[in-house]
Amino acid sequence: MTLCAVISGASSGLGLALAQHYLGQGAVVGVIARRADVLQSLFEQFPRQVYCYPLDVRDAAAMQAAAQDFIERVGVPDIVIANAGVSSGTLTEYAEDITVFESVMEINVLGTVKTFQPFVAAMRTAGHGKLVGIASVAGFRGLPGAGAYSASKAAVISYLESLRVELRGSGVQVVTICPGYIKTPMTAINPYPMPFILSPDEAARRIARAIARGKSFAVIPWQMGLVGRVLKLLPNWLYDFLFSKAPHKPRGVI
């Protein structure tokens, strides 16, 4: 039986790598992103496997229409991956950063909700499926200069946990994936060392493996899971001392 998947943020970085991974395995994939040209390129490479939905995940009506179209044409997906996300350095003291905070939260958090919502009832009725949210190790503790991103990923982790409990016993699984550093345009501007950084292709392979194994929570790579646990265990005074002078991601506009 052919695997069916829907992936948001599929025009670059991890999302594109995930789409290419599943397409390479013969899956039928609905790809969602704002960049229609990249989606069209995927369609040209895999014309019988790709369904393109150029839209913004902040647009709930567009997401609902895309989900309905995919279900009518392909069926209830086996996997829905809410991957669309943005990152930008922010500092609360600057008024102009408020709009950046809003965009990060809307895309990373509400975008995840709006990606999943149109599929939940159909998956529950079918009695199967996996809702996969891409969170981040950055959600384990608040990183200086990345208040918006850390807060958004912490919110995604908590949201996915709530959703997992709500759907317990329905046959629908909720999977939380917390990547560490992945070599993408989003991390290229980071002015600090990035331990255990993975290529998008390698990260996609490991994430797909974790999804297939039915894990409810996975940190990719596992070494970053150890780092995350250590950070969570540090007392506030020590964490504050160690990170107060850490380099910040450059402030920017989304």
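Based solely on C-alpha atoms, express the radius of gyration and the Dmax of region 77-152 in angstrom.
According to the Cα coordinates of region 77-152, Rg and Dmax are 15.0, 49 Å.
Say the dipole of region 4-243 comes from +1 at the beta carbon of Lys and Arg and -1 at that of Asp and Glu; which of VAL132, PRO118, MET63 then lies farthest toward its positive end?
Toward the positive end, the furthest listed residue is VAL132.
Using mean Cβ contacts within 10 Å as the protection proxy, how do 132-138, 106-112 order, highest first?
Those peptides, ordered most packed to least, come out 132-138, 106-112.
Pull up all non-local amide H partners of VAL219: gap of 5 or more, or a different chain, and H-to-H distance under 5 Å with H placed in the peptide plane.
Counting only residues 5 or more places away or on other chains, the set is CYS178.
Ranking TRP237, TRP222 by Cβ neighbours within 10 Å, fewest first, what do you get?
On the way: TRP237 8, TRP222 12.
Going from sparsest to densest Cβ surroundings: TRP237, TRP222.
Can you put LYS153, LYS245, LYS232, LYS183 in order, fewest other beta carbons within 10 Å first? Show your work: numbers first, answer last.
Details: LYS153 27, LYS245 7, LYS232 10, LYS183 17.
If I rank by nearby Cβ atoms, fewest first, I get LYS245, LYS232, LYS183, LYS153.
Please say if the chain is rounded, prolate or oblate, where rounded means a/c under 1.5 for a ≥ b ≥ c the square roots of the C-alpha gyration tensor eigenvalues, and otherwise the choice is prolate for a/b larger than b/c and oblate otherwise?
Working: a/c = 1.72, a/b = 1.55, b/c = 1.11.
Cα axes put the chain in the prolate bin.
Antiparallel DSSP bridges in the chain: what percent, to the nearest 5? Can you show the working numbers first?
Numbers: 0 of 29 bridges.
The antiparallel proportion sits near 0 percent.
In a Gaussian network model over the chain where Cα atoms closer than 10 Å are linked, find which of GLN64, GLN25, GLN117 has the largest mean-square fluctuation.
Evaluated over the chain, the most mobile residue of the options is GLN25.
Counting Lys and Arg as +1 and Asp and Glu as -1, each charge on the Cβ, what is the dipole of region 4-243 about the Cα centre in debye, to the nearest 20?
Numbers: 20 positive and 17 negative charges, 195 e Å.
Approximately 940 debye in magnitude.
Every read-out reported here was derived from the displayed coordinates using simple, explicitly stated rules and does not represent laboratory data. Only a predicted model underlies this, so the values are computations on that prediction, with no experimental measurement involved. Because the Cβ atoms are built from the backbone with ideal geometry, glycine has one as well, and the counts that use them run over all protein chains shown.
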